[in-house]
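Notes follow once the structure below has been shown.
A short reminder: the numbers here are calculations on the coordinates, not readings from a lab. These numbers come from a predicted model, not from an experiment. FYI the Cβ positions are ideal-geometry reconstructions off the backbone, even for glycines, and counts take in every protein chain you see.
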Amino acid sequence: MLGLKMATDPRWVNIVEKNIQEILTDHAWCEQKAASNAITLMVKYPHLTDLVDAMVEIANEEITHFGMVHEKIKSRGYELGPERKDPYVHDLMGYIRRGGSPTEILVDRLLFAAMIEARSCERFRILSQEINDEDLRLFYHDLMISEANHYTTFLSFARQYGENIDVNQRWSDFLDFEANLMHNYGKGETIHG
């Protein structure tokens, strides 16, 4: 369903299990950044009422997820810790067109968001199936469903607003670029690492 061209090695979970505090802290900050991205889309495209409505919903869900992850952190006796950088997201941003028409820029921003949601969904699926911690298995299963919905929302808007753009081809190219990036990831105890 996600169309990702390079799957995460399930052994990534073994790395995660060695530092649950770090994966939870990284995950919390990923949720905060996802909420911020939805807000940014609202600010940049206030005239697209249906997009604004959807981004309000996503921003609310993402900040709720931040709170849920923070509760998991506290319940385990951990502290949130400072914001983490996300090299994967930084590298993925390199594929967004600079310049181009306003429509091309919007489509790329939506596909960028869809890609992050797709990879997060895939990682949550692996955690829900492979992690030995039963509480986190259930937690990540529920979040996986939400991420899948966000992924389809962003992809649908890219197709809706991508007038005169071959959005499916651009998405395929984005998937190829992301697959090449993934050779550098899957080695850290972070959601995208």
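Cα centroids of the stretch 25-91 and the stretch 123-182: 15 Å apart.
Calculate, in nm to one decimal, what Ile96 and Arg11 gain on full extension: separation in residues at 0.36 nm each, minus their alpha carbon distance. Please list the in-between numbers first.
Working: separation 85, 0.36 × 85 = 30.60 nm, distance 3.03 nm.
Difference between extended and current length: 27.6 nm.
Among residues other than Leu127 with Cβ under 11 Å from its Cβ, the summed charge is -1 (Lys and Arg +1, Asp and Glu -1).
Here the label points at Gln129 and Arg159, each 7 Å from Cα along the C-beta direction, are separated by 2.4 nm in the simple model.
The label point for Glu57 and the one for Asn184, both projected 7 Å from the Cα toward the Cβ, are 3.5 nm apart.
Out of every Cα-Cα pair that the stretch 68-178 contains, those further apart than 21 angstrom amount to 48 percent. With bins 5 Å wide beginning at 0, the percent of Cα pairs of the stretch 92-132 falling in each bin runs 5, 23, 20, 15, 11, 9, 8, 5, 3, 0.
With the gyration tensor restricted to C-alpha atoms of the chain, the semi-axes of the equivalent ellipsoid amount to 28, 19, 14 Å, longest first. List the pairs from Lys5/Lys187; Lys33/Lys85; Lys18/Lys85; Lys5/Lys72 whose alpha-carbon separation is above 22 Å, in the order I gave them. Among Lys5/Lys187; Lys33/Lys85; Lys18/Lys85; Lys5/Lys72, the Cα-Cα distance tops 22 Å for Lys5/Lys72. Scaling against 2.2 N^0.38 Å puts the C-alpha radius of gyration of the stretch 114-193 at 1.25.
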